[in-house]
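Remarks on the structure that follows.
Bear in mind that the values in this text are calculations on the coordinates, not laboratory data. Just so it is clear, the model here is predicted, and its values are computed rather than measured. Reconstructed Cβ throughout: ideal geometry from the backbone, glycine too, with neighbour counts over all protein chains shown.
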Amino acid sequence: MSQHFDVCIRGDGVVGRTLALLLARERLRVALVAKPSSLETAPTAAASTSDVRAYALNSASKNLLESLRTWPDEAAATPVLEMQVWDADGAGSEPLTFKAQSLAQPALAWIVDVPALEQQLGQAMRYQGLIEVVQAPVKAALQVVCEGKHSSSRQAFGVSWTSKPYGQKAIAARLHSDRPHQGVARQWFDSGEILALLPISGASGNALALVWSVSTARAEALEKLSPDDFCAALQAACGDQPGRLTLISERSSWPLTLASANHWVGPGWALAGDAAHAVHPLAGQGLNLGLADVLALSEVIKQREYWRSLGDERLLRRYERARRADVAAMSRVTDGLHGLFSQTDARWQALRHWGMKSFAHSGPLKAWLTRRAAGL
């Protein structure tokens, strides 16, 4: 094992691996805390049906990963050409529609298969001699925590964690449709429930990634259903817009919260990704925020004064200031939308339906928000 490291990264998910590659590019010696099995060259057959993670990545995230030569192939990174959003309480209403063509862009976002992305990142790391995989944290000038919402290191550094439970769980799964998805992502809001069907398996594929946010009690009931009964409940919620659906994977779920750390940095340490903040998945921005974190941190380190240590708290504060406002803004947006679409009073529903219709015809405002969500 190397005797000296500049940075120790705790957490070997997409955010941690991306940071390791960014810092190694700056000629820093990096220790990445990971289990050896997590760096396998390819997912096992069992993992291919049990690991159903798929995230929407925007143009900024795509550019970052391409710069590291870790962007997955076309089968694992499906472009979203159109996004359709329904307020299910607006009976007979047309969806709010966003199109990549209106932005003169190739896609609004890309739905990326996370196991495939992790495989690409792991392969790049094996060819980077400045990254060493370790099984426990080691001494380094800077410790970066990328362990996720349930980080143990965060607590060890004395960071408090403020969490607002939504009383919901997100159910994720993979589905097959009897018709091609044509690059269309669809989302339904219905009395607090949020159902998203995202195109995967390539531009001409028939597979969809499900993220269904429902109350904890309903989630537990849905998870107990047989595959056929689960699909019947799903079709009842979304209708025939996505075609006839068949479950082709295991189902997984997790509780939903809005959360943040009171401090992101301190002497010799920093938090990034879900270890620093967690937002509702309704806008699909969680991983984009984490990748923006590590890009900002790597830039702060790259531009530091020659006499500053990597663990200098004043230096690390620059990273926190650069990212905290953006994350706070996204937290307010997702929390506000969740609260708005949770209202069941008829007056709120009418106001919400009117607002969606007005936004659909808002021109510059709609274009601005679409560009911002796309990371442009």
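The calculated FRET efficiency for the pair Ala237 and Ser160, based on their C-beta separation and a Förster distance of 41 Å, comes to about 0.65. Considering only Ser252, Val300, Gln235, the residue lying farthest towards the positive end of the dipole of region 205-325 is Val300, judged by Cα position with unit charges set on Cβ. Remark: region 19-33, residue by residue, has Karplus-estimated 3J(HN,Hα) of 4, 4, 5, 5, 6, 5, 5, 8, 6, 9, 8, 10, 9, 10, 7 Hz, where x stands for each Gly or Pro and the curve is 6.51 cos²θ - 1.76 cosθ + 1.60 at θ = phi - 60°. A cut-off under 12 angstrom between Cβ atoms defines the neighbours of Leu245, and their net charge, with Lys, Arg +1 and Asp, Glu -1, is +1.
What is the local net charge at Leu28, summed over the other residues whose Cβ is closer than 10 Å to its Cβ (Lys, Arg +1; Asp, Glu -1)?
Once positives and negatives cancel, what remains is +2.
Between Arg324 and Gln303, how high is the FRET efficiency from 1/(1 + (r/R0)^6) when r is the Cβ-Cβ distance and R₀ = 22 Å? Nearest 0.05.
On the way: r = 18 Å, r/R0 = 0.83.
Once the sixth-power term is evaluated, E becomes 0.75.
When peptides 305-311, 67-73 are sorted by average Cβ neighbour count within 10 Å, with the highest value leading, the order is 67-73, 305-311. Rounded to the nearest whole Hz, the Karplus-based 3J(HN,Hα) values (6.51 cos²θ - 1.76 cosθ + 1.60, θ = phi - 60°) of region 308-320 follow the sequence 8, 6, 4, x, 4, 5, 4, 5, 5, 4, 4, 5, 4, with x at glycine and proline. Each residue, Val138 and Lys224, gets one label point 7 Å from its Cα in the Cβ direction; the gap between the two is 4.9 nm. Taking every alpha-carbon pair within region 120-217, the share separated by more than 19 Å comes to 67 percent. Highest mean first, the peptides 100-106, 144-150 sorted by other C-beta atoms within 10 Å per residue fall in the order 144-150, 100-106. Using the Cβ-Cβ distance between Ser252 and His176 with R0 = 22 Å, the FRET efficiency computed as 1/(1 + (r/R0)^6) comes to roughly 0.80.
Could you work out the local net charge near Arg10, counting Lys and Arg as +1, Asp and Glu as -1, over the other residues with Cβ closer than 15 Å to its Cβ? With Lys, Arg at +1 and Asp, Glu at -1, the neighbours total -1.
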